[in-house]
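Presented below is the structure to which this report refers.
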Amino acid sequence: MDSAELSRAVSTATIGSGSLTKNKKTKNKRNLPTFDLSLEQKVDIKKAFDLFDTECTGFIEVKELRVAIRALGFEPNKEEIKNMMDEVDKDKTGRIAFNDFLTLMRMKMAEKDTKQDLMKAFSFFDDDRTGRITFDNLKRVANELGENLTDEELQEMIDEADLDGDGELSQGNDVCVRHM
């Protein structure tokens, strides 16, 4: 398969909830994250998949999943791999179709982008670069955004997201930025 054929195959792949199927309707289809892969990303994913699909069956073995994902720059642990397999290998065949692999990688890439977005948002609040968001940081951002919040409302926001009870939000708790 030349690069043009590979690009066409990857760009037209139907991302389904099962195996390689064309526009097959399924009940209870899980909503995928709204993250579009570029053609280059799809080609990279296809190349990683093909490294392990040595017999060109359109499937890779479960035992090869972790290595294939690592080839794309991710470091999944055993529990993540098990959860991924539970998600796509419903009939426990021990094999993963390309579309399932593409779906998994799409979700992993969306997670990565979400974490990066959270880090950027945290940095916006943490203008003094302490690794913490204080009441004063939150008040400054509220004022910059034109939000007319009382001190009590701002403190409630801190209290709701403060996981360790110290009155500030730490960078390690990415949940805190989601609450604001």
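The values are calculated or read from the model by the stated rules, or taken from the named source; none is laboratory data. Small disclaimer: the values here were computed from a predicted structure and weren't measured. When we count neighbours, we look across all protein chains shown, and the Cβ atoms used for this are built from the backbone with ideal geometry, even at glycine. Areas reflect the complete protein model, heavy atoms only, side chains present, ligands, DNA and RNA absent. Shrake-Rupley method; radii C 1.70, N 1.55, O 1.52, S 1.80 Å.
In this simple spin-label model, placing a label point 7 Å from the Cα along the Cα-to-Cβ direction at both Asp166 and Leu145 gives a separation of 2.4 nm.
What is the calculated FRET efficiency for Glu87 to Met119, with r their C-beta to C-beta distance and R₀ = 30 Å, to the nearest 0.05? Here the calculated transfer efficiency is 0.70. For segment 70-168, the carbon plus sulfur part of the accessible surface works out to 48%, probe radius 1.4 Å.
At q = 0.17, 0.26, 0.27, 0.29 Å⁻¹ the log10 of I(q)/I(0) for segment 79-136 amounts to -0.65, -1.01, -1.06, -1.13, computed by Debye summation with a single uniform scatterer per C-alpha, solvent ignored.
Projecting label points 7 angstrom from Cα along Cα→Cβ for Asp128 and Ser38 puts them 3.9 nm apart.
For segment 81-149, the per residue solvent-accessible surface stands at 55 Å², with DNA, RNA and ligands left out and a 1.4 Å probe.
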